[in-house]
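The values are calculated or read from the model by the stated rules, or taken from the named source; none is laboratory data. Everything numeric in this text was worked out from a predicted model, so none of it was measured. Using ideal geometry, Cβ is built from the backbone for each residue, glycine included, and neighbour counts are taken over all protein chains shown. SASA here: full protein model, heavy atoms, side chains in, ligands and nucleic acids out. Shrake-Rupley method; radii C 1.70, N 1.55, O 1.52, S 1.80 Å.
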Amino acid sequence: MNSASLARQILSSLVGLPCIVAGARGQDASAPRPDAQAAREQAFAEKMSGCKMVGYFTVSDPPRKNAAAREESYTIAKAEKLRDDKWRFTAKIAYNGREVTLPIVVSVLWAGDTPVIQVTKIPVPTMGVYTARVLVYDTHYAGFWSGGDHGGHMYGRIVRADEDERSAVEKNAAKQPETKEPESEEPKGTGTKSKDGGAADDGKGKDKDNEALVAKSSIDIGIKRSSDWPQFRGVAARGIADAYVYPSSWNVETGDNVLYRVPIPGLAHSSPVIWGDRIFVTTAVPKDGSEATLTVGLYGSIAPVEGEGAQDFRVLCLDRKTGEILWSRSCFEGVPDVKRHPKGSFAASTPAVDGKHVVAHFGSEGLYCFDVDGQPLWNKSLGHLDAGYYMLDKAQWGYASSPVLHDGKVIVQCDVQGQSFLSVLDADTGTEVWRKLRDEVPTWGSPTIDMQRGKAQIIVNGYKHIGGYDFATGEELWRVRGGGDIPVPTPIVHKGLVYITNAHGRQAPILAIDARASGEFSMEASESEHVVWSQMRRGNYMQTPIAHAAELYCCNDAGVLQCIDNKTGELVYRERIGGGRMGFTSSGILADGKLYFSSEDGEVHVIRAGREFEELAVNELGETLMSTPAASRGVLYFRARKHLFAIGSRG
């Protein structure tokens with residue numbers, strides 16, 4: 001009998017399981033003798049301690065066409081009874097390329113001599129909130145899982161774990177707080193999140209225990225909910241969405257998988273950011289009522305747009321579920337201090353949100369902070385910020401680096417003509433905590449926060465100064481010089497490696513640097529112990545790459561997609577998308593095992609993640625598309641030339 005057949009048999013037996021368990025608990029006469037029950041519990045503890053549950057999960061609610069089972073595993077270093085029905089599993093959970101290790105308290109009920117593991121709304125850091133019922137029989141397990149409006153089956157085999165892995169799980173779990181079922185039901189309006197779906201928080205009530213767990217999770221950068229998209233490219237700029245189901249295809253004309261399309265005034269290349277049930281965007285609206293010009297495509301003009309008049313720089317808040325504009329605030333009205341590139345916009349910097357603050361940066365026109373209800377908290381001028389080609393000061397292209405919120409602080413990278421600097425400000429007051437001057441040409445990437453050795457570091461791209469800074473003090477931690485002289489991509493971190501790429505000029509490197517690096521060193525791997533691998537060609541000019549599982553995905557502005565082994569730097573494949581007919585400025589993202597790359601013409605190419613190139617679909621939005629999409633709770637959000645699109649399943 002194969003595993004799928006066995007799973008079906010076990011699952012069919014689970015239909016009447018609630019009645020069996022309830023009857024066993026409610027009839028004292030049929031309850032097992034204390035010594036017999038103790039023996040069963042002892043046998044269960046021995047079976048589960050040092051085991052590995054290796055199997056699959058499906059998503060069947062709501063129904064999905066051609067939904068294939070996906071791999072999952074649970075390494076349990078130790079299973080021990082606490083009291084009554086409560087047990088503690090010291091475990092590592094792994095699926096969809098994600099892993100988390102922690103002690104978790106569950107209930108174990110008994111249907112006769114058969115144990116049933118019961119998990120009810122347990123928060124798992126970086127993954128979501130789970131409910132499951134899993135029956136364990138001999139060397140197999142099977143059951144159901146759910147979260148919000150999604151759910152499915154789970155089944156597999158129970159094998160012995162490798163002793164080294166078991167020891168590692170026990171050691172790592174000791175560093176994590178214990179997670180368990182909530183004492184009472186969640187307040188109305190809060191939601192649960194699951195492997196591939198879930199309901200959303202309303203943005204007002206927060207689960208304090210879940211916040212604390214996620215804050216101490218492997219992300220460990222102050223982001224409270226894994227389903228939020230709080231800055232450019234989401235959590236830590238990784239561009240990786242939560243574990244919900246995301247669509248591969250849609251049709252704007254017929255409305256298939258298009259939840260809404262709402263008009264947004266003005267011109268902006270900034271991305272949407274999401275917190276709870278709110279979306280925040282920025283824009284620059286011409287005061288004379290005209291439509292700003294925009295020239296897209298693959299060309300090399302360096303001259304800025306001349307003669308543009310006064311603009312209204314605004315922050316807008318929309319309802320995530322409906323697209324309704326909840327509030328709109330004007331930050332600055334007047335003629336911009338610096339011109340923009342013909343392919344650029346005055347609102348190119350993506351805002352940041354942390355549930356308390358919404359921060360928007362408009363370059364020379366100022367840094368603005370609101371609360372999530374639109375009340376102004378503070379604003380601050382950071383001076384004349386002219387980001388343009390460093391070899392020609394008249395080539396004004398416009399500021400684009402996005403702010404980052406971390407631990408109650410705002411981080412801004414201001415690499416411009418003249419004096420460049422990196423600054424950290426208090427998010428409540430706007431008071432500058434520290435400022436570090438940088439000997440750097442204009443750059444357009446955003447800073448990234450990463451945790452190493454229990455301390456936060458700020459990582460920045462550059463030409464003269466790629467490097468890391470101590471978040472608390474501004475002390476320089478490490479530095480690399482060289483590369484492309486117009487740095488645009490944002491650094492990302494994956495499994496202890498910092499990935500940096502840039503282009504233009506003599507070099508276009510891709511670097512994999514140890515996140516614990518120190519001092520100044522060469523970007524050549526052969527010359528530095530801190531550089532794990534490097535290549536000096538085919539780096540990205542515009543797009544921030546994606547690191548996931550064992551792959552690094554780099555799509556350049558001509559639509560050439562490289563899949564690289566992120567541990568060795570070896571090329572896995574190189575393929576062109578878009579046929580070379582269009583430019584790609586927007587950075588890609590990954591969701592539900594799929595890569596989404598958007599062309600300037602508004603075509604979204606969907607590629608299956610993995611080591612074999614497979615284009616799943618090409619979807620047209622029907623508008624110019626320059627900004628990077630956001631993703632949350634199974635919905636993709638595209639800020640196109642005139643509209644904000646919400647793309648997701650209506651089921």
Next item on the list: Report the local net charge at Leu259: Lys and Arg +1, Asp and Glu -1, summed over other residues whose C-beta lies under 9 Å from its C-beta.
Entry: +3
Checklist line | C-alpha center-to-center spacing [the range 441-520, the range 304-342] in angstrom | finding: 30
Notebook entry, point to check: Using unit Cβ charges (K, R positive; D, E negative) and no other charged atoms, how large, in debye to the nearest 20, is the dipole of the range 401-463 about its Cα centre?
Noted result: 180
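Over 20 Å between Cα atoms, which of Lys343/Lys642; Lys409/Lys455; Lys47/Lys175; Lys356/Lys495 qualify? Numbers along the way, then the final one.
On the way: Lys343/Lys642 15 Å; Lys409/Lys455 15 Å; Lys47/Lys175 25 Å; Lys356/Lys495 29 Å.
From Lys343/Lys642; Lys409/Lys455; Lys47/Lys175; Lys356/Lys495, over 20 Å: Lys47/Lys175; Lys356/Lys495.
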Margin query: Report the rotationally averaged projected area of the range 292-433 based on its alpha-carbon convex hull, in square nanometres.
Written below: 9.6
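Using per-residue counts of other Cβ atoms within 10 Å, averaged over each peptide, order 571-583, 348-360, 474-486 from highest down. Working shown, then result.
Details: 571-583: 14.9, 348-360: 25.3, 474-486: 19.6.
By packing density, highest mean first, the sequence is 348-360, 474-486, 571-583.
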Next item on the list: Using R₀ = 35 Å, calculate the FRET efficiency as 1/(1 + (r/R₀)^6) where r is the Cβ-Cβ separation of Ser49 and Arg537; round to 0.05.
Entry: 0.10
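Once the cut-off is 39 Å, how many percent of the Cα-Cα pairs in the chain end up in the long-distance tail?
32
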Next item on the list: Please give the length that would be gained between Thr120 and Glu620 if that part of the chain were fully extended, namely 0.36 nm times their separation in residues minus their C-alpha to C-alpha distance (nm, one decimal).
Entry: 175.9 nm
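For a quick protection proxy, order the peptides 439-447, 165-173 by their average other-Cβ count within 10 Å, most packed first.
Details: 439-447: 23.9, 165-173: 17.1.
Packing order, densest peptide first, comes out as 439-447, 165-173.
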Next item on the list: Would you calculate the separation in nanometres between label points at Arg516 and Asp428, each defined as 7 Å from the Cα along the Cα-to-beta-carbon direction?
Entry: 3.5
Checklist line | Pairwise label distance in nanometres, Glu612 with Glu524, each label 7 Å out on the Cα-Cβ vector | finding: 3.9
Note to self: Accessible area of the chain with a 1.4 Å probe: how many percent of it is carbon plus sulfur?
What the structure shows: 48
Next item on the list: Taking a cut-off of 16 Å between Cα atoms, list the aspartates and glutamates near Lys81, but don't count ones fewer than 8 places away on the same chain.
Entry: Asp35, Glu41, Glu46, Glu178, Glu181
Check: If the range 389-487 were replaced by its equivalent ellipsoid, with semi-axes equal to the square roots of 5 times the Cα gyration tensor eigenvalues, what would those be, largest first, whole Å?
Finding: 23, 16, 10
Next item on the list: Taking the chain as the reference, fit the longest principal axis to its C-alpha atoms, fit the long axis of helix 3-13 to the helix C-alpha atoms, and give the angle between the two in degrees, 0 to 90, nearest 10.
Entry: 60
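Report, to one decimal in Å, the Kirkwood hydrodynamic radius for the range 274-313 based on all distinct Cα pairs. Intermediate results must be reported in sequence, preceding the final value.
Numbers: mean 1/r = 0.0755 Å⁻¹.
Computed over the range 274-313, the radius equals 13.2 Å.
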Checklist line | Spatial separation of Cα centroids for the range 362-382 and the range 76-107, in angstrom | finding: 44
